[in-house]
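What follows is one structure encoded as C-alpha cells, with my remarks underneath.
Where a number appears in this text, it was derived from the coordinates with a stated rule and is not lab data. From a predicted model like this one, the values you see are computed outputs, not experimental measurements. Here the Cβ is made from the backbone with ideal geometry for all residues, glycine too, and neighbour counts use every protein chain on show.
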Amino acid sequence: MEIFQLVGIAFVTAIAALILKGTKPELAFAVTIAGSVILLLFVFDLLKDAVSIFGTIANVTGIDSSLVKILLKMIGIGYLVEFSAGILNDFGQSSVADKLVFCGKIIVLVLAIPIIESVLSLILRLLEIVK
C-alpha cells in the first residue's frame, strides 16, 4: 500500500530535519523541502489516473470540460497552498503562511468566476423555462 511508503518518507524526513535542526538549521530546511517534494511527486503519480476519470465524467454528463479543468485547478491550488503553508508554519513563518493562504483563496475566487457565471446562466435558463 502506498500510504505506508508515504508515511515512511514523511517520518524519515521529519527525523532527519530534527537531527539537523540543532547543528545545521539550513540543511534541516533543505531536507524538509526535499522530503516534501518527494511526497508530492509520489502523490502526483497516483493522481494521474484519477484526473482522467474527471474527463470521462465531463463527457458523460455533458459538462464543459473547461469547467472541470477549473475545478481541478482549484482543488490543486487548495492542497498545494495548505501543504506549503504547513511547511512554512513548521519553520516558524506563520505570518508568511497566513499570507500564502490568503493569496490562495484569492486565486481560487478568481478561478471560480467562470463557474459562477455558468451556474447563473443555468438558473436563468431554468427560470425562463418555468415562465
Whole-number percent relative contact order across the chain, with pairs defined as alpha carbons under 8 Å at least 6 apart: 16
Gyration tensor verdict on the range 63-117 (Cα atoms; rounded if a/c is under 1.5, prolate if a/b is larger than b/c, oblate otherwise): oblate
Residue (of LEU41, ALA58, ILE106) at the positive-pole extreme of the chain, dipole from beta-carbon charges: ILE106
Sequence-distant aspartates and glutamates (8 or more away, or on other chains) whose Cα lies within less than 12 Å of LYS99: GLU82
Derived scalar couplings ³J(HN,Hα) [the range 74-91; Karplus, 6.51 cos²θ - 1.76 cosθ + 1.60; whole Hz; x for Gly, Pro]: 4, 5, x, 5, x, 5, 5, 5, 4, 4, 5, 5, x, 5, 4, 5, 4, 9
The chain - charge dipole about Cα centre, Lys and Arg +1 at Cβ, Asp and Glu -1, debye rounded to 20: 180
From phi via Karplus (6.51, -1.76, 1.60), per-residue ³J(HN,Hα) for the range 7-24 in Hz, x at Gly/Pro: 5, x, 4, 5, 5, 4, 4, 5, 5, 4, 5, 5, 5, 6, 4, x, 9, 9
Read-out Cα extents along the principal axes in Å, derived from the coordinates shown; its label in [x] 68, 44, 24; [y] 73, 36, 17; [z] 36, 34, 24: [y]
